[in-house]
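Participant: This is the structure I have questions about; it appears just below.
The values are calculated or read from the model by the stated rules, or taken from the named source; none is laboratory data. Values in this document were obtained by computation on a predicted structure and should not be read as measured data. Virtual Cβ from ideal backbone geometry, glycine too; neighbours counted across all protein chains shown. When the accessible area is computed, the model is the full protein with side chains, heavy atoms only, and any ligands, DNA or RNA have been set aside. Shrake-Rupley method; radii C 1.70, N 1.55, O 1.52, S 1.80 Å.
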Amino acid sequence: MPVNTTVSHVSPLLNYIPRSAWSEATILSPPSFTHHTTNATSSGSNASVTFSFLGTGKVYGGYRVWQGPYRVTLDGDTSHHDGFVGGQEQYTSLLFAVSGLPSEKHTLRIVNDGSDPTRPVLDVDYLVFESNLNEAAVVDHNSTLCVWTPANAKSWNIDAASHTTWLGSGTMGLNFNVSSGIAIYGLVDEESAPFSVTIDGETSPPLIPNTAQSGHTNQSTLLYARTDLFDGPHEVWVENNPLAAGVGATKMSISHMRVMAVDRDAMGPLAG
């Protein structure tokens, strides 16, 4: 069965441009309404959020009286949407959906049109993308398959939810076999620092969590996903990188990993 992966509005996999044009919901917002909002000027801010994925995708956000026109560009093709056109307001509503895409990398960009000064807002709550892979295993942060360095009690705070470090040298490693994809989850808040992910020797640019607030909940957020790996053995390392991007936050918290495969029945041992 294909795997659905939810990408929260605070996930570092979302790229808000410019970051200064977006604001985050506060803890005083309704519990069911956690989002990023951009408020366009009368001339249009063109503030956008971008996400890359493999598979099909859906985007959810607020449907309220001040939601204005927006446009969605998928792989270079642009569609226009009216925003609020009447009816019942909803904290979470489907903004865009696409299916039947080829199994390759796709880039989705949502832009606040800013063409109606009476409806200047665009809210983004979360995205869902579906891959053709199967979920083969969930690796909890307490699994013996995980390697945590430095390997001492002072470097990592361990509880039921996650492993957490404030050390710039803090790193988590995992070896896994016969897998085509991996998703890494953790807790994010105002202390969360940039981090880097290395798979099979290839290191990502620093990934920056999109939050400056205390966590709304104790739920894990998608930190990183890769669904185009070849079947075979892989090695992943997640490294705290607090000096990246010049931010002052120093914290990295990892809760679990989801390992995915094209054919779950053909999966060999998770680690070798």
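Participant: Would you mention how many residues in segment 147-163 are of a type in the set (Ser, Thr, Tyr) and either closer than 15 Å to ARG226 by Cα or part of a strand (DSSP E or B) (or both)?
Facilitator: 1
Participant: PRO209 is checked against (1) more than 18 Å from SER255 (Cβ to Cβ); (2) in contact with a Ser or Thr (Cβ under 6 Å, 6 or more places away or on another chain) and fails just one. What number does that condition carry?
Facilitator: Condition (1) is where PRO209 drops out.
Participant: Among the listed residues LEU174, LEU222, identify the single one that is out of contact with any Pro (no Cβ under 6 Å at 6 or more places or on another chain) and either under 15 Å from THR6 (Cα atoms) or among the β-branched types (Val, Ile, Thr) (or both).
Facilitator: LEU222
Participant: Here's another thing I want to ask about it. From the set of residues in segment 133-146 that are over 19 Å from the mean Cα position of the chain (by Cα) and in a loop (DSSP other than H, G, I, E, B), which is nearest to HIS234 (Cα to Cα)?
Facilitator: Taking the candidates together, the pick is LEU145.
Participant: Mind listing whichever residues of segment 80-127 are among the hydroxyl-bearing types (Ser, Thr, Tyr) and farther than 18 Å from TYR60 by Cα?
Facilitator: Correct list: SER103, SER115, THR118.
Participant: For residues that are among the small types (Gly, Ala, Ser) and surrounded by fewer than 15 Cβ atoms within 10 Å (Cβ to Cβ), scanning just segment 16-61, find the one that is modelled with the lowest pLDDT.
Facilitator: SER42
Participant: May I pose another question? Looking at segment 78-127 only, could you name the residues that are within 22 Å of the chain's Cα centre (by Cα) and of a type in the set (Lys, Arg)?
Facilitator: Matches in segment 78-127: LYS105, ARG109.
Participant: Working only within segment 84-101, note down all residues that are closer than 18 Å to HIS9 by Cβ and either of a type in the set (Phe, Trp, Tyr) or touching a Pro at 6+ places or on another chain (Cβ under 7 Å) (or both).
Facilitator: TYR91, PHE96
Participant: In segment 130-146, is there at least one residue being open to solvent by less than 60 Å² (accessible area, probe 1.4 Å), of a type in the set (Gly, Ala, Ser), in contact with a helix residue (DSSP H, G or I) (Cβ under 9 Å, 6 or more places away or on another chain) and under 18 Å from THR221 (Cβ atoms)?
Facilitator: Looking for residues that are open to solvent by less than 60 Å² (accessible area, probe 1.4 Å), of a type in the set (Gly, Ala, Ser), in contact with a helix residue (DSSP H, G or I) (Cβ under 9 Å, 6 or more places away or on another chain) and under 18 Å from THR221 (Cβ atoms), one finds none in segment 130-146, hence no.
Participant: Of all residues in segment 45-78, which are free of Cβ contacts under 8 Å to residues at least 40 places away in the same chain and either more than 25 Å from ARG226 (Cβ to Cβ) or not small (Gly, Ala, Ser) (or both)?
Facilitator: TYR63, VAL72, THR73, LEU74, ASP75, ASP77, THR78
Participant: Okay, next question. Go over the candidates SER79, SER103 one by one and state the one that is surrounded by fewer than 16 Cβ atoms within 10 Å (Cβ to Cβ), at pLDDT below 85 and of a type in the set (Gly, Ala, Ser).
Facilitator: It is SER103.
This table checks each residue for (1) of a type in the set (Ser, Thr, Tyr); (2) open to solvent by 80 Å² or more (accessible area, probe 1.4 Å); (3) free of Cβ contacts under 8 Å to residues at least 60 places away in the same chain.
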site: GLY83; (1), (2), (3): no, no, yes
site: GLY87; (1), (2), (3): no, no, yes
site: LEU94; (1), (2), (3): no, yes, yes
site: SER99; (1), (2), (3): yes, yes, yes
site: VAL121; (1), (2), (3): no, no, no
